[in-house]
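To start, the structure itself, in structure tokens.
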Amino acid sequence: MARRAHFRQPAAIIAAYLVAHGQGGGLPATRAELLEGLAAHEDRYWEATAGGLDTDAALRRRVVTLATLAGADREAEAVELLRLVPDLAGEGTERRGGLARWAHGLYPGPRWWNPLEPDLLGEHLVATTYREDARVLAGVVDRPNPASVVQPLDTYARAAADHPQLAAALSPVLSEALGRLCAAAVAQAGTQTDLSFLLGGTTVASALNRAVAVVAVDPGVLPATLDSLPARPDLVVGPLAITLTTQAVAVYRRLAEVNAAAFEPALAMSLNNLSVHLAEAGRRDEGLAASEEAVAVYRRLAAANAAAYEPDMAMSLNNLSIGLAEAGRRDEGLDAIDEAVAMHRRLAAANAAAYEPDLANSLNNLSIHLAEAGRREEGLDAIDEAVAVHRRLAAANAAAYEPALASSLNNLSIRLAEAGRRAEGLYAIEEAVAVYRRLAAANAAAYEPALAMSLNNLSLRLAEAGRRAEGLYAIEEAVAVYRRLAAANAAAYEPALAMSLNNLSLRLAEAGRRAEGLYAIEEAVAVRRRLAAANVAAYEPDLAMSLNNLSLHL
């Protein structure tokens, strides 16, 4: 069989079998028989290259399967991994080193150890060789370098989908390792500053997400694991959070059907969290449905015990208001945030240390809803109060509260501009951008979307101040970020891309670059047409604005 053949389709596997075994004799009755035939043919190659290593067919298969499952970037790493093989646990470094170098020479590729291909054969070997060996299955995902767990997790995700016995064997393994693997995913997302890699590469989070989507983990490990995931939006960890939170919701639904008093609070919290993650991923209709259900549960709970459940109800109302506004149901959204602010005021009056942060966040949200309702002076009052609270909090704990301060400063700049106080608005957005730049430099996955949003706003304030060249530079940077984000997740970021393209067209026209401005606004209109076709209430106003802008460019 040709080395490093790139195929995984059944027809290609059959073709490989025919090459290996000749045209006669017919095909095996099952895929497993076919793959075993290919493995036996491959072993003849392994045996011929093993030289004086004193191997039998079983050992050769275990070593090649381990290399296929785990991969390795250095000889020392491969030698250490071979300790996991039962036959080699007590062998010395020289013996394991010889076998590691032999496996290294079998399949050239980008790593020191590369997998056997085609994928289906490698997955078959993993599923049949190690499905009863928990030590190997667990050991390959318990390694000091987080990037090293990507290959085994990806292999588990593919193999478990076709091999139920392997999936069952992996369930306790991934359950035990889930907290550690999630911590590795969060650490990688928080320290890797290359957004292109985070969005386009295979990260620990994306590999783990694929694995837990097909391997059932113990529901008992979900609460602690979910608590360890970042509460803030995160481009990389977000999809994993959706998968795990969806599983938690399903578990708590079943439990609440049996014992509502015990499990409805956990169900409501999981639904609220799921709604946030879904909205961040652009799945806004699903997010709104989850949020509405969470609020309904919390209303019942708070009616029976306000002291225990009003804080959670206020939080879920705040989130519901955002979902309603995004769906074009702005009056309902304003009602929800009014109720949330009223609750948070009562709570903060009794315990400022505990609830002032929540009050400030809901005031920030309220300011947006009031402005959308044309009540701009009230919106400015609300955001002034939010910024004052966030400044105090950030002065005491910058790491915890600077992101919220930057968000409220961004909204303050808009409200000030609407009130004709443009110089103050420019000062506020410059401060917000400066904060977001620092945050995004340290954690691109969490803060580049917010940086792009604030840059878009900065471009407007700069243009209003007559600093058009700087405004053009800011909006070009915002569009570049949104393009990358929308390429990775159109549902989440195409609305923001269209907004920034609309503003870019204006800045380009002001700079005399009218042809480029026309191109930008045409792209914005095309995106907003698609969005409005799916949700008229939410996106027709934006489409009308872009069409008006387009008419100016024609």
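The values are calculated or read from the model by the stated rules, or taken from the named source; none is laboratory data. Quantities reported herein were computed from a predicted structural model and do not represent experimental measurements. A quick note on method: Cβ atoms are made from the backbone with ideal geometry, for glycine too, and the neighbour counts reach across all protein chains shown. What goes into the accessible areas is simple: the full protein's heavy atoms, side chains included, and nothing from ligands, DNA or RNA. Shrake-Rupley method; radii C 1.70, N 1.55, O 1.52, S 1.80 Å.
Tell me which residues, restricted to segment 230-248, are open to solvent by 10 Å² or more (accessible area, probe 1.4 Å), in a helix (DSSP H, G or I) and among the aliphatic types (A, V, I, L, M). Matches in segment 230-248: Ile242 only.
So for segment 188-202 (the condition being surrounded by 22 or more Cβ atoms within 10 Å (Cβ to Cβ), on the phi < 0 side of the Ramachandran plot and at pLDDT below 95), does at least one residue qualify? Taking every residue of segment 188-202 in turn, at least one turns out to be surrounded by 22 or more Cβ atoms within 10 Å (Cβ to Cβ), on the phi < 0 side of the Ramachandran plot and at pLDDT below 95.
Taking the stated definitions as given, is Ala428 surrounded by 17 or more Cβ atoms within 10 Å (Cβ to Cβ) and either of a type in the set (A, V, I, L, M, F, W, C) or out of contact with any His (no Cβ under 6 Å at 6 or more places or on another chain) (or both)? Yes: the conditions hold for Ala428.
The helices (runs of 4 or more DSSP H) found entirely in segment 278-370 include none that carry 3 or more residues being out of contact with any helix residue (DSSP H, G or I) (no Cβ under 9 Å at 6 or more places or on another chain). Out of segment 43-60, which residues are among the charged types (D, E, K, R) and surrounded by fewer than 20 Cβ atoms within 10 Å (Cβ to Cβ)? Result: Asp43, Arg44, Glu47, Asp54, Asp56.
Residue-by-condition table, conditions (1) of a type in the set (Gly, Ala, Ser); (2) open to solvent by 20 Å² or more (accessible area, probe 1.4 Å); (3) at negative phi:
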site	(1), (2), (3)
Tyr436	no, no, yes
Ser454	yes, no, yes
Glu464	no, yes, yes
Gly471	yes, no, yes
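Yes/no matrix, rows are residues, columns are (1) modelled with pLDDT of 95 or more; (2) touching a helix residue (DSSP H, G or I) at 6+ places or on another chain (Cβ under 6 Å); (3) of a type in the set (Gly, Ala, Ser):
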residue: Ala213; (1), (2), (3): yes, yes, yes
residue: Pro219; (1), (2), (3): no, yes, no
residue: Pro223; (1), (2), (3): no, no, no
residue: Ala231; (1), (2), (3): no, no, yes
residue: Ala248; (1), (2), (3): yes, yes, yes
residue: Leu255; (1), (2), (3): yes, yes, no
residue: Val258; (1), (2), (3): yes, no, no
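Criterion first (within 22 Å of Pro144 (Cα to Cα) and open to solvent by 30 Å² or more (accessible area, probe 1.4 Å)) does Glu75 satisfy it? It would help to see each step written out before you state the result.
Numbers: within 22 Å of Pro144 (Cα to Cα): yes; open to solvent by 30 Å² or more (accessible area, probe 1.4 Å): yes.
Criteria met by Glu75.
Considering segment 349-361, the residues that are hydrophobic (A, V, I, L, M, F, W, C) and within 17 Å of Ile383 (Cβ to Cβ) include one that is surrounded by the fewest Cβ atoms within 10 Å (Cβ to Cβ), namely Leu359. Taking the stated definitions as given, is Ala327 of a type outside the set (Ser, Thr, Tyr) and over 18 Å from Asn273 (Cα atoms)? So Ala327 fits the description; yes. The residues of segment 404-416 that are within 24 Å of Glu448 (Cβ to Cβ) and either open to solvent by less than 30 Å² (accessible area, probe 1.4 Å) or basic (Lys, Arg) (or both), listed by number, are Ala404, Leu405, Ala406, Ser408, Leu409, Asn410, Asn411, Leu412, Ser413.
Do the conditions hold for Asp227, that is, is it closer than 18 Å to His277 by Cβ, more than 15 Å from the chain's Cα centre (by Cα) and exposed (fewer than 15 other Cβ atoms within 10 Å of the Cβ)? Yes; evaluated as a whole, the condition is true for this residue. Would you be able to say whether some residue in segment 69-79 is in contact with a helix residue (DSSP H, G or I) (Cβ under 6 Å, 6 or more places away or on another chain), touching a residue at least 24 places away in the same chain (Cβ under 8 Å) and assigned to a loop (DSSP other than H, G, I, E, B)? Yes, because at least one residue in segment 69-79 is in contact with a helix residue (DSSP H, G or I) (Cβ under 6 Å, 6 or more places away or on another chain), touching a residue at least 24 places away in the same chain (Cβ under 8 Å) and assigned to a loop (DSSP other than H, G, I, E, B). Within segment 142-185, the set of residues being open to solvent by 40 Å² or more (accessible area, probe 1.4 Å) and among the hydrophobic types (A, V, I, L, M, F, W, C) comprises Ala147, Ala161, Ala168, Ala183. Scanning segment 321-344 for residues that are under 26 Å from the mean Cα position of the chain (by Cα), at pLDDT 95 or above and open to solvent by 20 Å² or more (accessible area, probe 1.4 Å) gives a single hit, Ile322. Annotation note: of Glu372, Glu378, Glu356, the sole residue that is farther than 28 Å from Ala441 by Cα and modelled with pLDDT under 95 is Glu372.
Beta carbons closer than 7 Å, at least 6 apart along the sequence or on distinct chains, pair a first residue in segment 298-323 that is within 19 Å of Ala262 (Cβ to Cβ) with a second that is assigned to a helix (DSSP H, G or I) and polar (S, T, N, Q) for Tyr298/Ser316. When the residues of segment 88-130 are filtered to those that are in contact with a Gly (Cβ under 8 Å, 6 or more places away or on another chain) and either farther than 20 Å from Val141 by Cα or among the charged types (D, E, K, R) (or both), the one that is most open to solvent (accessible area, probe 1.4 Å) is Arg111. Given the conditions (1) open to solvent by 60 Å² or more (accessible area, probe 1.4 Å); (2) not aromatic (Phe, Trp, Tyr); (3) not in a loop (DSSP other than H, G, I, E, B), which single one is not true for Ala207? Just one mismatch for Ala207, condition (1). Restricting attention to segment 473-516, the residues being more than 28 Å from Ala325 (Cα to Cα) and surrounded by fewer than 22 Cβ atoms within 10 Å (Cβ to Cβ) number 9.
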